[in-house]
Structure formats: C-alpha cells, structure tokens
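Below is one structure, written out as structure tokens, with a few remarks after it.
The values are calculated or read from the model by the stated rules, or taken from the named source; none is laboratory data. Keep in mind that this is a model prediction, so the values were computed, not measured. Because the Cβ atoms are built from the backbone with ideal geometry, glycine has one as well, and the counts that use them run over all protein chains shown.
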Amino acid sequence: MSAGHYQYWIVIVLMMTGIYVVIAKGNMVKKVIGLNVFQVSVIMFYVSMGKVEGGTAPIVAEGYEVYSNPVPHVLMLTAIVVGVATTALALSFVVRIKEAYGTIEEDEIRAVERAADEEAEAEEAAQAGAEAAG
Amino acid sequence: MREHLPALQIVVPLLAAPVCVLLRGARPAWVLALSVTWAAALMSWDLLARVLAAGAPISYHVGGWAPPYGIELRVDAVNAFVLVIVTAISAVVMTAAPRSLEQEMPRERHYLFYAAYLLCMTGLLGMTITGDAFNVFVFLEISSLSSYALISMGRTRRALTSAYQYLVLGTLGGTFILLGIGLLYMATGSLNMANLYEILHERGEANRTVEAALAFIVLGTSIKLAVFPLHIWLPNAYTFAPAVVTAFLAATATKVAYYVLVRFVFGVFGVGFAFGQMHLDAVLMPLALIAMFVASTVAIFQRDVKRMLAYSSVAQIGYMVLGLSFASVTGLTGGIVHLFNHALMKSGLFLALAAVVLRAGSTHLDDLRGIGRRMPLTMGAFVLGGLSLIGVPLTAGFVSKWYLVLAALEGGLWPVAVMILLSSLLAVVYVWRVVEVAYFQDPPEGATKLERAPLGLLLPTWVLVGATVYFGVFTDQTAAVAARAARLLMGVAP
C-alpha cells in the first residue's frame with residue numbers, strides 16, 4: 001500500500017517470520033532465534049512509532065525545532081533488556097536439556113519420553129503380574 | 001512511612017531477592033524470605049483496609065512525578081483485594097516451603113529458590129499495583145522469567161522441557177501484550193491506565209488501532225492466564241514443577257493474569273467498547289464453557305493427581321473468564337470471588353499433595369491406594385479442598401458458583417447456568433476418583449502407616465483449607481469486597 005508506511009510491512013514480515021520459526025522448527029535453539037526475531041519486530045514497531053519526520057534526537061540544541069518522541073525509544077531499552085534476559089534463560093534451559101536428554105530436537109525428546117513412559121508401564125504391568133502370581 | 005506503602009510493597013521483596021543470594025545459607029535465606037512475604041502481606045492488608053475505609057483509590061507518584069507523565073501506583077478496591085490474596089498465599093506457601101523443598105532439591109541450592117520466589121512475587125505485585133500500562137509488561141516479564149526458573153527446579157528432567165515450553169509461550173504472550181500497549185500508546189499518546197480510559201472515552205468512536213490493541217492485549221493475557229485453548233503450557237508446568245512452586249503459581253500467577261485482563265478490558269477499554277462494540281463476550285464465553293467441560297473431562301482421565309489438579313485449574317479458569325464475559329456486576333463479582341476462592345483451595349490442595357510427595361514419594365493414583373488411612377490429616381485436607389472445588393455448600397467454591405449462576409440467570413442465559421451445574425458434576429467425578437483410591441482401596445501389602453507430614457507443611461495446608469471453609473460459611477466479607485470491586489470496574493457508583 002502506501003510507501004509512507006513501509007516500516008509496518010517490515011514489522012509484519014519480521015513478526016510472521018518469527019512466529020513461523022517458533023511454530024515450525026523443532027530445534028530448540030532455532031525456536032529461541034524465532035522468539036528473538038519476533039521480539040525485534042515489536043521493538044522496531046515502537047522505535048518507528050516515535051520517529052517524527054525531519055526530527056532529530058531529543059536533545060535541546062540551537063537550530064533544531066523538531067524532535068523525535070523519546071518515550072517509545074526509552075521503553076524499548078527496557079524491552080531489549082527483557083529480551084536479552086529471556087534469551088539467556090532460554091539458552092541455559094537448552095544447555096541443561098542437552099545434558100539431560102542428549103538432544104535438543106523436540107521430536108527426539110518426545111520419543112525419549114515416550115520410551116521412558118512405556119518402560120515404566122511395562123514395569124508396572126510386570127509388577128502387577130508378579131503380585132497376582134504371588 | 002505509611003504513605004510509601006504502595007512502593008514498599010514492590011521494593012521490599014525486590015531488594016530482598018539479591019540479599020537472599022548473598023546470604024547463601026538455606027536457613028537465613030528462608031528466614032529473610034519468610035519475613036518479607038509476611039511483611040508484604042501486612043502491607044497489602046493495610047492498603048486494603050485504607051482503600052475500603054476511604055472509598056477512594058490511593059495514588060502514589062513514583063519519584064514525585066505527577067501522572068500521566070510520571071509512573072503512578074494506583075491502589076483501588078480491585079487490586080488491593082488481589083494484593084491481599086497474592087501476598088497472603090505467598091506468605092503461607094513460603095511458611096511451608098523448606099520442609100517440602102528438602103526432598104526436591106539439594107539444600108545448598110535452596111537460597112536460589114527463595115531469591116526466584118521473591119522476584120516472582122515482586123513481579124506479580126508490581127503487575128497488580130501499577131497504574132501504568134508499560135509497567136505491567138515489565139513486571140509481567142519479571143514474574144514470568146522467575147517462574148520459568150522456579151519450574152525448572154523440579155526433580156525430573158521433564159521440568160526442564162516444561163519450563164522451556166512455558167518460556168516460549170509466555171514470551172509470545174508477553175510480546176503480544178507489549179504490542180497491544182504500543183498500539184494503545186500510538187492511538188492516545190498516554191501510558192497511564194486511568195488517563196487512557198479518559199482519552200478513549202472522550203473520543204467515543206474507536207478506530208482500528210484501538211481495536212487491534214484490544215485484540216493483542218486480550219490474546220497476550222489469555223496465554224498467561226491459560227484460557228482454553230491457550231492452556232497447553234499449564235498442565236506440564238504444574239505437574240513437573242516442585243510441589244511448593246505449583247502451590248504458589250497455581251494460586252497467584254494465573255490470578256494476577258486474570259486481574260490484568262479485567263483491568264485492561266474494564267479499566268482501560270471500558271465495557272461499552274470491549275463488549276458493546278467488539279463483542280468480547282462472543283469469544284470468551286464459548287471458550288470458558290469449553291474449558292469447563294473439556295478440561296474437567298481430561299482431568300477425570302489423569303492417573304497423576306498433580307496433573308489432574310492442573311487440568312482442573314484450566315477448568316476453574318474457565319469459570320473466572322465466564323464471570324468476566326457476562327459483563328455485569330454480578331458476573332464480575334462471581335469472577336473475582338472465584339479468583340479468591342480458587343487461589344485458596346488450589347494452593348491448599350497442592351500443598352496437601354506436597355505432603356503426599358514428601359511421605360509417599362509419588363502423586364500417581366497407583367501409589368495412593370489406601371493413603372487416606374496412612375496419612376489421615378493430609379488427605380482430610382485434600383478432601384475438604386476437593387469439596388470446595390466441586391462447590392459443595394458451606395465451602396468457598398459454592399459461593400463463587402452461586403454468583404456465576406445468578407449472573408447467568410440475570411442475563412437470561414439459563415443454558416449457561418445449567419452448564420455451570422453440569423460441569424460441577426465432572427468435578428465430583430475427578431475428586432471422587434482420588435477419594436475412592438485413597439479411602440476405599442486397600443493399601444499395598446506391607447505398607448505401614450506413614451510418618452505424619454511435618455507440622456510446618458501440615459499447618460499451612462490446613463490454614464488454607466480452613467480458610468475455604470471459613471469463607472464458605474461467612475460469605476459476606478469476600479462477596480462484599482468483590483461486589484464493590486465489580487461495581488468500580490463496571491463504572492457503577494458503589
């Protein structure tokens with residue numbers, strides 16, 4: 001549509017890419033990357049919202065009349081910190097999952113869990129059988 | 001000092017968390033965390049008493065900057081009530097924590113648990129008390145990040161995958177809320193909730209930006225609240241987290257998410273816009289009804305009692321959302337009362353399970369045969385909590401269902417009233433399954449009477465379960481505060 005709002009298209013494309021990666025990828029690190037792309041799209045949305053055409057950085061100086069709105073930019077400093085913290089925590093989970101399961105592919109982890117469940121059930125059945133026989 | 005209570009409510013647990021890490025020892029960290037949680041409970045109690053006495057909200061300007069430009073902490077009848085629930089349950093669960101943790105994680109790492117617990121509480125209190133939309137996002141992420149860490153402390157490796165799954169979904173939810181707040185800021189140029197409400201109302205006609213903001217905020221909070229079908233993170237997270245963490249999160253995290261949803265829908269967008277124009281009830285009511293039936297039915301077929309209660313939580317969240325979707329004073333009263341009652345009974349039930357895990361080592365139904373005779377006091381508490389979950393008269397659960405049924409009839413929606421009663425029958429089935437196994441089946445051969453659960457765990461459980469009975473008998477206290485909160489939210493003069 002209008003070229004004046006091209007930044008929204010960038011935001012939408014990034015957002016959809018991020019969500020797609022989170023949903024479609026089974027690799028846990030890739031999911032974290034998808035989350036990051038998704039968060040970046042919102043950060044870009046905020047930053048572009050605060051921009052005033054022809055405005056400069058909001059520092060009062062002679063010769064400048066028009067300033068960009070600093071509030072959304074400041075808000076995004078916080079959001080970036082939150083994003084970094086989330087990524088760090090997510091990656092630390094991934095490291096520990098790799099240690100516990102030996103893989104970070106979701107379907108492989110699911111297979112490991114299913115095998116463990118079945119083993120437990122078989123054991124239970126065997127126990128019940130032993131009890132009945134005893 | 002007293003005028004700074006709204007800020008201290010958040011700052012004290014926030015500062016105590018790093019001190020816990022510095023203290024290192026399990027005992028000193030617990031003593032600090034315990035005193036902080038109880039202090040927070042007293043502070044919120046004082047705030048509630050003052051708000052109710054004054055009849056007007058308490059507004060606190062952070063750093064002395066006046067709203068709408070400065071950040072405002074705003075305590076009114078609605079969030080003072082939620083603050084009391086969150087802090088009281090945090091304090092009671094914290095009292096029970098060390099005995100249950102002993103078995104679930106090595107003692108030298110307990111201090112990390114207490115630090116994360118306090119941070120999570122900080123985030124939840126911050127979300128509740130703030131009058132600033134962006135602050136909600138920041139505190140939401142504080143509480144979410146620490147709750148992921150808490151969940152990952154579970155005994156089995158599945159706690160890790162559950163925490164990871166919750167992290168991915170929770171971050172998606174949080175970012176949706178952020179996007180919604182951004183759209184609101186774009187449309188109004190304000191972040192103060194009371195100010196947002198005024199601007200949106202003066203304008204009357206809402207544009208596409210505001211509509212999109214409502215959609216994103218409702219979606220984001222619904223993920224955090226675990227509204228069906230966005231609940232998939234919840235059963236795993238509750239099942240594999242340490243028992244005390246489940247008791248804490250089940251009673252506080254989803255409740256605060258519900259409060260945030262209510263606050264945005266009623267306190268920012270307004271009933272007229274959210275329900276009159278956007279027909280939020282057409283989305284939320286069916287989802288709530290489906291949650292009540294589907295989640296309760298799934299709960300019936302669970303073999304693990306902890307998992308069963310997790311699914312029951314999804315169903316109970318359905319009741320709360322149903323109360324909201326009536327968009328009437330009675331409906332909202334029912335929702336808020338249920339928020340309170342469900343927090344009490346679920347934390348009581350999960351603490352009872354914590355005692356079972358401690359002594360019997362499992363919450364699987366096969367291992368609980370005859371447990372009623374082996375742990376009479378603990379299972380007695382469980383049964384009482386279960387009765388409240390069903391909504392038997394003289395328990396707290398009955399009060400909230402009463403209001404919900406009233407609201408349904410008031411709105412002329414008698415099929416909904418029938419469905420509330422029918423879904424309660426499903427709760428009878430899953431609670432009965434546990435009772436049947438615990439009391440009517442013989443314990444496995446050679447099983448002896450188990451050692452009584454430690455008093456430090458048993459007492460908090462009974463306090464919570466006792467409270468559900470107390471508030472089921474003396475109904476006017478909670479209902480009066482909730483009704484006042486509901487009238488405030490609906491914009492009806494109290």
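Take the conditions surrounded by fewer than 23 Cβ atoms within 10 Å (Cβ to Cβ), within 14 Å of chain A (Cβ to nearest Cβ) and in contact (Cβ under 8 Å) with a residue 40 or more places away in the chain and apply them to B:Leu219. Does it pass? Can you show your working first?
On the way: surrounded by fewer than 23 Cβ atoms within 10 Å (Cβ to Cβ): yes; within 14 Å of chain A (Cβ to nearest Cβ): yes; in contact (Cβ under 8 Å) with a residue 40 or more places away in the chain: yes.
The answer is yes for B:Leu219.
Look through A:Tyr46, A:Tyr67, A:Tyr20, A:Tyr101 and report the one residue that is under 30 Å from B:Tyr185 (Cβ atoms) and within 11 Å of chain B (Cβ to nearest Cβ).
On the way: A:Tyr67 fails: within 11 Å of chain B (Cβ to nearest Cβ); A:Tyr20 fails: within 11 Å of chain B (Cβ to nearest Cβ); A:Tyr101 fails: under 30 Å from B:Tyr185 (Cβ atoms).
It is A:Tyr46.
Can you tell me which residue in segment A:37-64 is nearest to B:Val168 (Cα to Cα), limited to those that are buried (at least 18 other Cβ atoms within 10 Å of the Cβ) and of a type in the set (S, T, N, Q)?
Top of the filtered list is A:Gln39.
One residue is enough: does segment B:232-246 have a residue meeting the conditions hydroxyl-bearing (Ser, Thr, Tyr), closer than 30 Å to B:Ser190 by Cα and assigned to a helix (DSSP H, G or I)? Break it down into steps so the answer makes sense when it comes.
Start the filter on segment B:232-246 by keeping residues that are hydroxyl-bearing (Ser, Thr, Tyr), which leaves B:238-239, B:246.
Imposing the further condition that a residue be closer than 30 Å to B:Ser190 by Cα reduces the set to none.
No: segment B:232-246 contains no residue that is hydroxyl-bearing (Ser, Thr, Tyr), closer than 30 Å to B:Ser190 by Cα and assigned to a helix (DSSP H, G or I).
Could you list, ordered by first residue, the pairs with Cβ atoms under 8 Å in which the first is in segment B:136-160 and at the interface with another protein chain (Cβ under 9 Å from one of its Cβ atoms) and the second is surrounded by fewer than 22 Cβ atoms within 10 Å (Cβ to Cβ) and among the polar types (S, T, N, Q), at least 6 apart or interchain?
B:Val138/A:Thr78; B:Arg158/B:Asn236
Can you work out which of the residues in segment B:28-67 that are touching a strand residue (DSSP E or B) at 6+ places or on another chain (Cβ under 7 Å) and assigned to a helix (DSSP H, G or I) is surrounded by the fewest Cβ atoms within 10 Å (Cβ to Cβ)?
Of segment B:28-67, the ones touching a strand residue (DSSP E or B) at 6+ places or on another chain (Cβ under 7 Å) are B:47, B:50-51, B:57-62, B:67.
Right, trim to assigned to a helix (DSSP H, G or I) and you get B:47, B:50-51, B:62.
Numbers: B:Leu47: 24, B:Arg50: 15, B:Val51: 22, B:Val62: 17.
Top of the filtered list is B:Arg50.
How many residues does segment B:265-318 contain that are in a helix (DSSP H, G or I), over 16 Å from B:Val227 (Cα atoms) and not polar (S, T, N, Q)?
15
Do we have any residue at all in segment B:445-457 that's at pLDDT below 90, within 24 Å of the chain's Cα centre (by Cα) and in a helix (DSSP H, G or I)?
Yes, because at least one residue in segment B:445-457 is at pLDDT below 90, within 24 Å of the chain's Cα centre (by Cα) and in a helix (DSSP H, G or I).
Please find, within segment B:354-367, the residue that is nearest to B:Lys306 (Cα to Cα) out of those that are touching a residue at least 60 places away in the same chain (Cβ under 8 Å) and surrounded by fewer than 24 Cβ atoms within 10 Å (Cβ to Cβ).
B:His364
For the structure I just gave you, tell me whether A:Gly83 is surrounded by 12 or more Cβ atoms within 10 Å (Cβ to Cβ), more than 30 Å from B:Pro444 (Cβ to Cβ) and touching a His at 6+ places or on another chain (Cβ under 6 Å). Before you say what the answer is, go through the steps one by one.
Working: surrounded by 12 or more Cβ atoms within 10 Å (Cβ to Cβ): yes; more than 30 Å from B:Pro444 (Cβ to Cβ): yes; touching a His at 6+ places or on another chain (Cβ under 6 Å): no.
No: the conditions fail for A:Gly83.
Residue check, B:Leu196 against (1) crowded, with 23+ Cβ neighbours inside 10 Å; (2) within 11 Å of another protein chain (Cβ to nearest Cβ); (3) out of contact with any Asp or Glu (no Cβ under 8 Å at 6 or more places or on another chain), all met but one. Which one?
Every listed condition holds for B:Leu196 apart from (2).
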